[in-house]
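Worksheet: one structure, shown below.
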Amino acid sequence: MKKLILVLLSAILLTACQSTSAEVVGETVIVDGGSYTRVSPGELNTMLKNKDFTFINVHIPFEGNIEDTDLSIPYDQITETSYLAQLPTDKNAKIVLYCRSGRMSQIATEALVKLGYTNVLDLAGGMVDWEQAGYELEK
C-alpha cells in the first residue's frame, strides 16, 4: 500500500512540474546575413505570458499597439543611431518586431539581421492577423 501511495505521489509531482505552455517554434526565414523567426499570433501570445524579449512596434503611422509593447520605432529608421541606441546592446538578445500587416516588420527584421542581431522574431501577419486570431490591440 505504501508503494502505491508513493507511486501516485510521484506521478502527481511529475505532472505538476511539467510545463503547461505550448512550445514556440515559429518558421525560420533565411535572409542575407543570417536568419530570423516568424511567429504566429498564437505563438506570440504564449511568449507574452512569460515575456523575456524587447517588443517593438515598427508600423508608421501609429495604428495601435499590442499590449506589453516596449518601443515604437519607425521601420525605415530602425538602423539609425538614435534608434539603435534603444535596442539591447547584446546582439543575441531576443527582439520581437511587428507592424500592421507584416511587411514593415519584415523589412526592419531583415535590417537588424544584417546588422548582426541573431535572435530576432517577426509577427506573421502583424496586427491584422493578431486581431483576426481574437486578440486585442491598445489604441
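Read-outs: derived from the displayed coordinates by stated rules, not from any lab. Source: prediction; values computed, not measured. Counting neighbours? That spans all protein chains shown, and the Cβs are built from the backbone with ideal geometry, glycine included.
The table that follows gives values for the structure above.
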{"read-out": "Packing-based ranking, highest mean first, of 88-95, 57-64 given that Cβ atoms within 10 Å are counted", "value": "57-64, 88-95"}
{"read-out": "Cα-based Rg / Dmax (Å) for the stretch 33-132", "value": "12.1, 35"}
{"read-out": "Order by protection proxy (mean Cβ within 10 Å, highest first), peptides 66-79, 25-38", "value": "66-79, 25-38"}
{"read-out": "Pairs beyond 22 Å (Cα-Cα), from 91/139; 94/114; 51/94; 51/114", "value": "91/139; 51/114"}
{"read-out": "Cubic angstrom per residue, convex hull over Cα atoms of the stretch 41-90", "value": "89"}
